[in-house]
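The values are calculated or read from the model by the stated rules, or taken from the named source; none is laboratory data. Owing to the predicted nature of the structure, the values given are computational and were not obtained by experimental measurement. All Cβ positions, glycine included, derive from the backbone under ideal geometry; neighbour counts span all protein chains shown. Remember, those area values only see protein heavy atoms, side chains included, never the ligands or the DNA or RNA. Shrake-Rupley method; radii C 1.70, N 1.55, O 1.52, S 1.80 Å.
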Amino acid sequence: MDVIGRRAKHFVIPVFIPHKGCAHRCRFCNQNFVTGAAAVLPDETEITRTTRQYLKFKRTSRGFTEISFFGGNFLGLEFADIRRLLDTAAGFVSSGKINGIRFSTRPDTIDKKRLEIMSNYPVTTVELGVQSMDDRVLERVKRGHSAADTRLAAQRLKTAGYTLGCQIMTGLPGEDEASSLDTARAVAALEPDFVRIYPLVVLNKSPLAADYRAGRFAPLDLEAGVLRAKKLFQIFNHSGINVIRMGLQASEGLDTPGAILAGPYHPAFGHMVFASLMYDHAANLLDAAKELPDTVVLNVHPGSISRMQGLSKSNLKKLHTRYPEVEKFEIRPDPDLNTHEIRLGF
Ligand code: SF4
């Protein structure tokens, strides 16, 4: 890949269905905080209102636009509800206002009956909540499906021609780094079109919160979460698979005081991972240089300047500590470079 972490233009209109279609509660989950939405299934009026509201944004530059149902287990809904939601969204596709429909669902819902229902609608993208490919870990968090279910679901969705996304978590109970990296390799082998990486945070009122409070479980801290996500990202990046998100998206619910009990949550989590990658890259180049001058120029793509600086200029501080002989690090924009490239100037 020649571009790290930048993606083609895509516009998603989110319609939240928090915990709807979930036969039980996964131990880490509390979608009411994650989505910040009430636990009700939206009706036609609500979907129409949300869609119209979002369609007012970026009229000329939206790119491929999808209505996205997420925050629950879409294909776990009653069939009548699945059809009702798809009917409403399909109306916007028929009128040419959006390009397709997208939803997230559990791997064990991709069966023949539901695939048949989907085939009657302009569904374009399906995101599978994979979380882990380690059956022991899946059992620990009470997912209620296996890695084999995920393999079968991915194969069925790809065969049917859907754009496939996989969501994975890291820092789960019973999971060590080897298990997490194995999950990334196993997911990469499924050749999804994109992935999302979510380091586990302990959400208040999730079943896992009790384990955390009792000292039976500790999540990764922020630094470890960034390092872990970086390793996972590199596995996908080397396989040419687009990582479209790292870390939970900030929301009103998550920003509510007390919503997150512990774990690697930061509104700029993805930025921190990319900044760490840029730091590693710069350090490799500087280590390879025979002699370093007083001023080192780091030429980067204009869109990568803040990643090169790091959050609160943390990368520059670390570079000064690592190379005390350098008096000044200067970051300069160079539009001819790719977003992950650094060209040293002495
Ligand atoms: S992780 Fe997904 S399937 Fe599990 S409870 Fe949450 S929304 Fe439902």
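Please report how far the C-alpha centroid of region 45-114 lies from that of region 241-287, rounded to the nearest whole angstrom.
With region 45-114 and region 241-287 each reduced to a Cα centre, they are spaced 28 Å.
Summing -39500 (n - 2.57) over the DSSP H runs of n ≥ 4 in the chain and dividing by its residue number, what mean residue ellipticity at 222 nm do you reach, to the nearest 500 deg cm²/dmol?
Rounded to the nearest 500, it is -11500 deg cm²/dmol.
Taking the alpha-carbon distance from K231 and a cut-off under 25 Å, which lysines remain once sequence neighbours fewer than 8 residues away in the same chain are dropped?
By straight Cα distance, K231 reaches K313, K317, K318.
How big is region 275-345 on each of its three principal axes, counting only the C-alpha atoms and giving the largest first in Å?
Taking max minus min along each principal axis of the Cα atoms, region 275-345 gives 28, 24, 17 Å.
Every cysteine in the chain with no other Cys Cβ under 4.7 Å from its Cβ, please list them in numeric order.
C22, C166
Per q in 0.15, 0.21, 0.30 1/Å, what log10 I(q)/I(0) does a Debye calculation on the alpha-carbon atoms of region 265-304 return?
With no solvent term, the Cα-only Debye profile gives -0.47, -0.77, -1.08.
Looking only at the chain, where both bridge partners belong to it, what percent of the DSSP beta bridges are antiparallel (to the nearest 5)?
15 percent
Which pairs break 32 Å Cα to Cα here: K20/K56; K9/K205; K9/K158?
Table pairs above 32 Å Cα-Cα are K9/K205.
Using the heavy atoms of the protein chains and a 1.4 angstrom probe, tell me the accessible area per residue for the chain in square angstrom.
I get 46 Å² per residue for this part.
For the chain, take the longest principal axis of its alpha carbons; what is the angle in degrees between that and the long axis of helix 222-238, to the nearest 10 within 0 to 90?
80 degrees
By its C-alpha gyration tensor, with a ≥ b ≥ c as the square roots of the eigenvalues, how is region 104-201 shaped: rounded for a/c under 1.5, else prolate for a/b larger than b/c, else oblate? Working shown, then result.
Values: a/c = 2.24, a/b = 1.84, b/c = 1.22.
Note, shape of region 104-201 comes out prolate.
Using Cα pairs closer than 8 Å and at least 6 residues apart in sequence, work out the relative contact order for region 275-345, in percent.
47 percent
Please list, by residue number, everything in region 310-346 whose backbone N is under 16 Å from a paramagnetic label point 7 Å out along Cα→Cβ of K290.
Within reach of a label on K290: 346.
Which peptide among 203-216, 163-176 comes first, and what is the full order, when sorted by highest mean count of other Cβ atoms within 10 Å? Show your work: numbers first, answer last.
Values: 203-216: 15.9, 163-176: 21.8.
My ranking of the peptides, most packed first, is 163-176, 203-216.
Which order, highest average first, do 21-31, 129-139, 67-77 follow once you tally other Cβ atoms within 10 Å for each residue and take the mean per peptide?
Going from most to least packed, we get 67-77, 129-139, 21-31.
Provide, for q = 0.20, 0.30 Å⁻¹, the log10 of I(q)/I(0) from a solvent-free Debye sum over equal Cα point scatterers in region 156-214.
With no solvent term, the Cα-only Debye profile gives -0.82, -1.20.
Residue separation times 0.36 nm, minus the C-alpha to C-alpha distance between V326 and S146: what's the value? Could you put the intermediate results ahead of the total?
Details: separation 180, 0.36 × 180 = 64.80 nm, distance 5.23 nm.
This chain segment gains 59.6 nm when fully extended.
Sorted by packing (mean other beta-carbon atoms within 10 Å per residue), highest first, where do 333-341, 288-296 land?
333-341, 288-296
Determine the share of region 275-345's accessible area contributed by carbon and sulfur atoms, expressed in whole percent, with a 1.4 angstrom probe. Each step should come with its number before you reach the end.
Numbers: 1800 of 3730 Å².
Carbon-and-sulfur percentage of accessible area, whole number: 48.
Relative contact order for the chain using alpha-carbon pairs under 8 Å, separation at least 6, rounded to a whole percent?
16 percent
Which value, in nm² and rounded to one decimal, describes the direction-averaged projected area of the C-alpha convex hull of the chain?
Its Cα hull, projected and averaged over all orientations, spans 18.6 nm².
So how much slack lies between A283 and D211, counting 0.36 nm per residue of separation and subtracting their Cα-Cα distance, in nm?
The span from A283 to D211 would gain 22.0 nm if fully extended.
Set the Förster distance to 25 Å, then compute FRET efficiency between E46 and A189 from the Cβ-Cβ distance, nearest 0.05.
Numbers: r = 39 Å, r/R0 = 1.56.
Between E46 and A189 the formula returns 0.05.
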